[in-house]
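The numbers here are math on the coordinates, done by the rules we state, and not lab data. Note that the structure is a prediction, hence the values are computed from the model and not measured. Every residue, glycine as well, gets a Cβ built from its backbone with ideal geometry; the counts of neighbours run over all protein chains shown.
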Amino acid sequence: MSADWFPSAPLSNLRRRAEVLAAVRAFFAARGVWEVETPLLSAAANSDPQLASFDCRYNGPGAPADGRLWLQTSPEFAMKRLLAAGSGSIYQLCRAFRADERGRRHNPEFTILEWYRVGFDHYQLMDEVAELATLLLGPHPEQRLTYRDAFLRYAEVDPFTADEADLRACAERWDVPYPKGLSGHDNWLDLLLSCIVTPALAAERFTFITDFPASQAALARIREGSPPVAERFELFIGGMEIANGFHELTDPTEQQMRFAAEQAARTAQGLPAPTTDRRLLAALAAGLPACAGVAVGLDRLIMLVCGANAIDEVLAFPIERA
C-alpha cells in the first residue's frame, strides 16, 4: 500500500512552521500593520512573461464573460486596491500558485507573505525585512550591494554596458551551461545572476541587491540616472532568493504601458495572454498612496529556520501528495 498519504515534512518542522506563522503575525501586530484577505481567484492574472498561471472554469453567478478565472501568483493587485481605498499599511499570509514551478525550492502551491508600508521607500522597507529575518533566524551580518556592484564583484562584468556577446562570453568563462538559442539581454543577466552571482553570496549573511536594470522594474518606480534603475531589491540568504521588494509604481498610465508591453511579449512567445486587471488600473487612477511593498517566499524562510534542504521538508503535502 502506498505511503503517500503521510506528510513529507517531519511533524517537528510543521510545529516550527506554526510557530513562524504566529511570530509573523505578532511582528506586524506590534507595528500596527493589519492582516487582510483577498481572493485567490480573479478574472485577471499577472501578465509577467516569466510567470505561468493556473486557470479554471466557472460559469455560475458573477462569472466573467469568458468563464475563466485565474489562481493568483501573488495577492499584489488586490492588496493595492485596498491601499487605494485607504486601508493604510497591510499584510497578507496566503497561498499563491505558479504553474510549471517544481523543484527543490519550488512547489506549484506555496505560501507567500506580502506586505505594504504606506509612506515607506524601498530602503525603509529593507530595514523592516531585515528586522523580520533577524527575529526568525537570529542576528546575521548584512550587506547591501547594487546590481551593478554585485555583477562586477562576482561575475566581473558590467551588466549595464555589456552586450549579449559579452554576457555569453562571461557565461563561457565561468563554465555556466546555457540553453541553445538563449537570447535577450535580461535573460542572459538572469542566467548569470542565478549561476554566478547568487552562489557567490555569503550564506551566513543577509544580502540585499538593489537598483536593478530599468528593464526589470516590474511594478517598481524607475529612478532617473545614468543609467536609470528600478527602485527594487531582492534579499538572498543561504543562496536562496527570499524576498522581492519595490518602491511601488503609482502612475496608472505607466502601469498600463507596462502591462501592454508584457502582453505583447507573451503573444510573441506564444504564451496565453490573460485579461489585464482593469480594476487595478482603476485603483491606481483613483490614487495609490506612496508606499513600498515586498513579497517573501515564506516556505523558503521556514526552510532556513528548520535547516531544511528541500521545500518538501517544510510542507505537509507537496504537489505529489496533494
Extreme residue, positive dipole direction of the chain, given options 86, 58, 97 (C-beta unit charges): 58
Distance in nm between pseudo-label sites at residue 256 and residue 11 (7 Å out along the Cβ direction from Cα): 5.7 nm
Ranking of 183, 74 by count of other Cβ atoms within 10 Å, fewest first: 183, 74
For the range 60-111: rounded, prolate or oblate by the Cα gyration tensor [a/c cutoff 1.5]: oblate
Under DSSP loop assignment and at most 12 Cβ neighbours within 10 Å, longest GluC sites (Glu not before Pro)-free interval of the chain: 38-155
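Would you please report the Å³ per residue occupied by the convex hull of the alpha carbon atoms in the range 212-291? Let's see the in-between values first.
On the way: hull volume 10.4 nm³, N = 80.
Roughly 130 Å³ of hull volume per residue.
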Among (i) 20.6, 70; (ii) 23.7, 102; (iii) 19.9, 64, the entry derived from the coordinates for Rg and Dmax of the Cα atoms in Å: (iii)
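Please tell me the relative contact order of the range 131-263 in percent, rounded to the nearest whole number, where contacts are Cα pairs under 8 Å and at least six residues apart.
Numbers: 183 pairs, mean separation 29.3, N = 133.
Rounded, it is 22 percent for the range 131-263.
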Dipole magnitude of the range 86-176 about its Cα centre (Cβ charges: Lys, Arg +1; Asp, Glu -1), debye to nearest 20: 380 debye
Residues in the range 105-119 that a label on residue 48 would reach, taking backbone N under 18 Å of a point 7 Å out along Cα→Cβ: 105-117
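Add +1 for every Lys or Arg and -1 for every Asp or Glu among the other residues with Cβ under 11 Å from the Cβ of residue 317, and state the total.
Working: positive: 321; negative: 4, 109, 312, 320.
Net charge around residue 317: -3.
Determine the calculated [θ] at 222 nm for the chain from helices alone, applying -39500 (n - 2.57) to every DSSP H run no shorter than 4 residues and normalising by the residue count; nearest 500 deg cm²/dmol. All intermediate terms of the calculation are to be shown ahead of the outcome.
Working: 9 runs with 107 residues, N = 322.
When only DSSP H runs of four or more count, the value is -10500 deg cm²/dmol.
Under unit Cβ charges (Lys, Arg +1; Asp, Glu -1), what dipole magnitude, rounded to 20 debye, does the range 22-93 have relative to its Cα centre?
Values: 6 positive and 6 negative charges, 31 e Å.
Around 140 debye, computed over the range 22-93.
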Lys/Arg +1, Asp/Glu -1 at C-beta; the range 117-269 dipole; positive extreme among 189, 129, 214: 189
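Neighbour counts of other C-beta atoms within 10 Å: give me 116, 147, 178 arranged from fewest to most.
Values: 116 27, 147 23, 178 15.
In order of increasing Cβ crowding within 10 Å: 178, 147, 116.
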Electrostatic dipole magnitude of the chain [Cβ: Lys, Arg +1; Asp, Glu -1; Cα centre; debye, to 20]: 760 debye
